[in-house]
């Protein structure tokens, strides 16, 4: 029974982390708005099951990377307020991870949605 309580506590901590990133990071809120728009487009256009899997995977990937980026920034700021070259490189690399994930998700989104848009609006 003790492990069940630890699991619930871990889940609660994780959800607290997600909420913290949403409320503290503007980019996460941008990602969240984009995710809602993509989900709405997914309901509007007849996506197949595999397309939903890819779309949801992309949304999860981008949001997870934003959480990791925020964690890296917070950890770096806790270690030192000095702007050291190694800390800057670590923060830049974490931000690059978000950029690469978001760019990949956008390209995948175009690959999935453009044919649906084309089919819906062609004359």
Length released on extending from residue 37 to residue 82, taking residue separation times 0.36 nm less the Cα-Cα span:
12.3 nm
Estimated translational D of the stretch 2-121 in µm²/s (Stokes, Kirkwood radius over Cα pairs; 10 °C; 1.306 mPa s)
97
With a cut-off of 8 Å between alpha carbons and a minimum separation of six or more residues, what is the relative contact order of the chain in percent?
28
Measure nothing but the geometry: give the 0 to 90° angle between the long axis through the Cα atoms of 85-121 and the longest principal axis through the Cα atoms of the chain, rounded to 10°.
10
At a Förster radius of 22 Å, what calculated FRET efficiency corresponds to the Cβ-Cβ distance of residue 22 and residue 119, to the nearest 0.05?
0.05
Report, to the nearest 10°, how far helix 26-44 tilts away from the longest principal axis of the Cα atoms in the chain, using its own Cα long axis and a range of 0 to 90°.
20
In nm, spacing of pseudo-spin labels at residue 6 and residue 99 (7 Å Cα→C-beta vector):
4.0
Extension gain, residue 30 back to residue 53 (0.36 nm per residue minus Cα-Cα distance, nm):
6.1 nm
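Throughout, read-outs are computed from the coordinates displayed, never taken from laboratory work. Keep in mind that this is a model prediction, so the values were computed, not measured. Neighbour counts run over all protein chains shown; Cβ positions are idealised from the backbone, glycine included.
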